[in-house]
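**Student:** Mind looking over this structure? Questions follow.
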Amino acid sequence: MSIAWVPNSLNVRCGSSPRQPASAEPEPPPTGWKPIRLRAIEVIGEPGAEAGQFDKALTLFKGRFFPSEEGGVSAGQVEAEIKLMQAEANAQAGRCAAALAFLGEDHRELEPNEAVARPDVRMAMIAKKCGNGSEAQRLLQTAAASKGGGESGWTLRAQQLLGTVDAAKGRQKVQELLAANERIKDANGANGWWWYNLGILQAAADQKGAARESFRKALLLPDRMMSHHLARAAMADLASN
């Protein structure tokens, strides 16, 4: 559980100290500040960002100081995910000025565990929806070139969207990746983040039933790298598609 620090002189839920960078070591609170328990990851669930209450959810991050990470993800990364969700909703609703403005921002916080393919594919869909085909192509090419083994499902999805992998080679690659993931599972390396990424890979292979089961297993395990939120979002995508 993260802790927000507020001045002892203020009877409010928010302070004015800047948020600690995700990469920094935990530090003691500023002098004269008191702790308020706050789980940053809860802001992204119902009835917050997942219910479309983006501005309300983002307000909870203003002026808060988070000295530690929880579940492998920082408050800044949770906030960035909410902003990405908001941009997706804006693009879907035709509010493209706001959606495209988001694409021009700094997105380093969108890469928990150095997973770059997932946000790039999602931002490519925003660009495409708002008529910026060249930016969509650039983002998909970046995602398709990602070497992160844990996000191979998103990398494969980017390649499929680009049309750079033929059906036969795609099936062979999926089988190789699924076999590699089975070895990890057998070695007891399967946590919620792992099950989520396995589900994405299975979805890319059109194994929807297996993907739903993997997402369900991710939800049964402790939250890791926003695995609960991401699994819920992936299950919603499967249902809508």
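The values are calculated or read from the model by the stated rules, or taken from the named source; none is laboratory data. These numbers come from a predicted model, not from an experiment. Note that each Cβ is placed from the backbone with ideal geometry, even for glycine, and that neighbours are counted across all protein chains shown.
**Student:** Please find, within the range 200-213, the residue that is nearest to the chain's Cα centre (by Cα) out of those that are closer than 18 Å to residue 173 by Cβ and assigned to a helix (DSSP H, G or I).
**Tutor:** Residue satisfying both the conditions and the ranking: 200.
**Student:** Please go through the range 126-176 and pick out each residue that is at pLDDT below 90, exposed (fewer than 15 other Cβ atoms within 10 Å of the Cβ) and among the polar types (S, T, N, Q).
**Tutor:** Correct list: 164, 172, 175.
**Student:** Can you find a residue that is at pLDDT below 75, over 17 Å from residue 223 (Cα atoms) and not hydrophobic (A, V, I, L, M, F, W, C) anywhere in the range 100-121?
**Tutor:** The answer is yes; a qualifying residue exists.
**Student:** Okay, next question. I'd like to know if the range 133-145 contains one or more residues that are in a helix (DSSP H, G or I), in contact with a Lys or Arg (Cβ under 6 Å, 6 or more places away or on another chain) and not acidic (Asp, Glu).
**Tutor:** Checking the range 133-145: at least one residue is in a helix (DSSP H, G or I), in contact with a Lys or Arg (Cβ under 6 Å, 6 or more places away or on another chain) and not acidic (Asp, Glu).
**Student:** Can I ask one more? Kindly indicate the residue of the range 177-192 that is at pLDDT 75 or above and over 20 Å from residue 230 (Cα atoms) and also farthest from the chain's Cα centre (by Cα) among those meeting that condition.
**Tutor:** Applying the filter and picking the extreme gives 179.
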